[in-house]
Amino acid sequence: MKDPTPVDVLICGAGAAGLTLAIDLARRGVRFRLIDKLDQPFAGSRGKGIQPRTQEVFEDLGVIDRLTAMGGHYPAQRVHHADGTWRDGQGLVVEAPSAGEPYRMPLLVPQNRTEAVLRARLAAFGHAPDQAHELVSFTQDAAGVEATIRTPDGVEVRRCRYLIGADGGRSTIRQALKIDFAGRSLGVRAIVADIQLDGLARDVWHQFNPGDMQKHVSFCPLPQSDLFQLQAPVPTGGDVDLSPGGLQSFIDARVPQTGLAVLGVAWASAYSMSAWLAARFRVGRVFLVGDAAHVHPPTGGQGLNTSVQDAYNLGWKLGAVLAGAPETLLDTFEEERRPIAGDMLRLASDLLDAAKRGEMRRGREVQQLDLGYGASSLSLNATAGPRALRAGDRAPDLPLIGAGGQRRRLFDLLQGPHWTLIASGPAPVSLARKGLHIHEIGTGLALRDPIGQFSASYGLADGDMVLIRPDGYVGAVMDATGLARFPAYSAWLR
Ligand SMILES: Cc1cc2nc3c(=O)[nH]c(=O)nc-3n(C[C@H](O)[C@H](O)[C@H](O)COP(=O)(O)OP(=O)(O)OC[C@H]3O[C@@H](n4cnc5c(N)ncnc54)[C@H](O)[C@@H]3O)c2cc1C
């Protein structure tokens, strides 16, 4: 079957990465299609930690309140001792939200629920993933990609301008492109299971025998459900019985003194931990995002978050190029995201080593708020002297006041698929462009900085301009002289 209506983008894989990209393209009006080989969406809790930076992304995509309502914050950790006593502690370094960083706590949301919220958001744009559609092969030429898809109604051939491999760690697309997936197996195998369990309180995350790879087992209560997520290392070889009876025997052997009873198993899996990074994230018209491009151990809760942020980085670039921006903009996806994925792999592997010693504690480094693109070819610092905020930095949130005295948040001004220019003082009329929202801050202007937080955080001199990308990172910081570089830079704006 040859498809008569070509799309611009075909996204292969409706996990967290594919869904995020689909929402971002949908709100830009890009013609795309999202397919997934599974008959039904994936049902397990696996990636349950939504880091603060991803919460900001989800605010922009319009899903954060719903996700927060469906999730909860990470509970305290309860380490149980063999004599039946325990010690409660916090496994996270917790800091209060601030004006610049409104999200400082990871959210605990089972991955299947996060994906359900993303699907609901996509439905509001009139789109849904095509389930039971498997990409089996593709070819590409200078103008586009031709994909062969196995569907319940037969084989379909679909032409698109760009193909996105959001198809997970075993990516068919990465393998077809013969992209080197370098890394190592970390020598740890584990089980993860969503179980109904009798015998444990639901207000803490229970840890038994931490640091002992033969005996460790943990039970994290999943919010707004009767499920616990069981996680435990298991021997690297041999079968693991994931049935209710098998998991009961497993728990009895590891924590015989507790009398815990498995009442049901909603989902269970055994997997080997590894750290792999694709040598390339782009080959011609084909891109890799998420686990297709990098596979991490679960320690530190980085995988889903890095996957969502890959998609968020690629979405606006695809939208801009399809709207006429230079094709070279797409090269900056790999340039910006691959180093970040490499750093995440090292962080998650280091945390796994700490977990083996029973010492894992998650600090600011897992929250992804300090990630940025300072070294990117898209980052332009065009000021006579340094400013507090540099091109490539994440643009912080801040409170402002509208000319009529109404409260405004900077993140509200950024929300949406557009670029934003913030001027410290009046902005020349010549800067106006399609797709660019311009805001002037200062006395007698549209916005005011009531208690000087904007000026302290952004550090702009009078007449400076900061250009914020659609993904919330600073693209350019310019003073009155540096503004001469704006016309050339604005080629990326669509
Ligand atoms: C135990 C565990 C705990 C974890 N904890 C965390 C955590 O706390 N925080 C965190 O950030 N991450 C965590 N992760 C990692 C997280 O689950 C993954 O990083 C995340 O799922 C990656 O999303 P993705 O969309 O890239 O890929 P996936 O979720 O794997 O989705 C890929 C999709 O592509 C589809 N697909 C594959 N091949 C094809 C094809 N040929 N045609 C069509 N469709 C196809 C699949 O069916 C699938 O739906 C954890 C993982 C595990 C195993």
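Some observations on this one:
- Test for L483: is it outside the structural domain of V57 (by TED's automatic domain parsing), assigned to a strand (DSSP E or B) and out of contact with any Lys or Arg (no Cβ under 9 Å at 6 or more places or on another chain): no
- Checking each residue in the range 30-55 for being more than 26 Å from P396 (Cα to Cα) and open to solvent by less than 10 Å² (accessible area, probe 1.4 Å) picks out L34, I35, G44, S45.
- Qualifying residue in the range 76-83 (condition: within 29 Å of R254 (Cβ to Cβ), within 14 Å of the ligand (Cβ to nearest atom) and part of a loop (DSSP other than H, G, I, E, B)): no
Here's the yes/no breakdown for (1) in contact with a Gly (Cβ under 7 Å, 6 or more places away or on another chain); (2) at positive phi; (3) more than 15 Å from the ligand (Cβ to nearest atom):
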position: A124; (1), (2), (3): no, no, yes
position: H127; (1), (2), (3): no, no, yes
position: R159; (1), (2), (3): yes, no, yes
position: A176; (1), (2), (3): no, no, no
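- Residues located in the range 24-55, provided they are farther than 30 Å from A96 by Cα and either within 9 Å of the ligand (Cβ to nearest atom) or in a helix (DSSP H, G or I) (or both): L25, A26, R27, I35, D36, K37, L38, P41, F42, G44
- Exactly one residue among D291, D350, D393 is at pLDDT 95 or above and assigned by TED's automatic domain parsing to the domain that holds R33, and that residue is D291.
- Taking the listed residues G405, G392, the one that is on the phi > 0 side of the Ramachandran plot and surrounded by 14 or more Cβ atoms within 10 Å (Cβ to Cβ) is G392, with no other qualifying.
- Conditions (1) out of contact with any helix residue (DSSP H, G or I) (no Cβ under 9 Å at 6 or more places or on another chain); (2) aliphatic (A, V, I, L, M); (3) farther than 30 Å from A132 by Cβ: number failed by L38: (3)
- Residues in the range 318-339 that are part of a helix (DSSP H, G or I), open to solvent by 10 Å² or more (accessible area, probe 1.4 Å) and of a type in the set (A, V, I, L, M): V321, L322.
- The lone exception for D8 - which of (1) part of a strand (DSSP E or B); (2) modelled with pLDDT under 95; (3) of a type in the set (D, E) it fails: (2)
Table: residues versus (1) outside any strand (DSSP E or B); (2) closer than 20 Å to P223 by Cα; (3) out of contact with any Ser or Thr (no Cβ under 7 Å at 6 or more places or on another chain).
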{"residue": "E115", "(1), (2), (3)": "yes, yes, yes"}
{"residue": "L118", "(1), (2), (3)": "yes, yes, no"}
{"residue": "A142", "(1), (2), (3)": "yes, no, yes"}
{"residue": "E146", "(1), (2), (3)": "no, no, no"}
{"residue": "R159", "(1), (2), (3)": "no, no, yes"}
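- Any chance V295 is within 11 Å of the ligand (Cβ to nearest atom), surrounded by 19 or more Cβ atoms within 10 Å (Cβ to Cβ) and more than 24 Å from G211 (Cβ to Cβ): yes
Let's see how each residue does on (1) within 30 Å of V234 (Cα to Cα); (2) at pLDDT below 95; (3) surrounded by 13 or more Cβ atoms within 10 Å (Cβ to Cβ):
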| residue | (1), (2), (3) |
| --- | --- |
| F138 | no, no, yes |
| A147 | no, no, yes |
| V155 | no, no, no |
| Y162 | no, no, yes |
| D167 | yes, no, yes |
| V192 | yes, no, yes |
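- Any hit, the range 278-287, residues being assigned to a strand (DSSP E or B), of a type in the set (F, W, Y) and not assigned by TED's automatic domain parsing to the domain that holds Q196: yes
- Any hit, the range 410-425, residues being among the polar types (S, T, N, Q), in the same structural domain as L25 (by TED's automatic domain parsing), touching a strand residue (DSSP E or B) at 6+ places or on another chain (Cβ under 8 Å) and under 25 Å from T54 (Cβ atoms): no
- Condition met for V94 (away from the ligand (no atom under 12 Å from the Cβ), open to solvent by less than 60 Å² (accessible area, probe 1.4 Å) and over 20 Å from G303 (Cα atoms)): no
- Count of residues meeting criterion [closer than 16 Å to G91 by Cα and either in contact with a Ser or Thr (Cβ under 9 Å, 6 or more places away or on another chain) or not assigned by TED's automatic domain parsing to the domain that holds I195 (or both)] in the range 209-230: 2
- Unique residue being under 21 Å from R104 (Cβ atoms) and free of Cβ contacts under 8 Å to residues at least 40 places away in the same chain when the list is Q55, Q90, Q51, Q77: Q90
- Among the residues of the range 298-317, just one is crowded, with 24+ Cβ neighbours inside 10 Å, polar (S, T, N, Q) and farther than 28 Å from R161 by Cα, namely Q302.
- Looking across the range 56-75 at every residue that is open to solvent by less than 30 Å² (accessible area, probe 1.4 Å) and not in a loop (DSSP other than H, G, I, E, B), the one that is farthest from G324 (Cα to Cα) is identified as G72.
The values are calculated or read from the model by the stated rules, or taken from the named source; none is laboratory data. Given the structure is predicted, the values throughout are model-derived calculations rather than measurements. FYI the Cβ positions are ideal-geometry reconstructions off the backbone, even for glycines, and counts take in every protein chain you see. All accessible areas refer to the heavy atoms of the entire protein, side chains included, with ligands and DNA or RNA removed. Shrake-Rupley method; radii C 1.70, N 1.55, O 1.52, S 1.80 Å.
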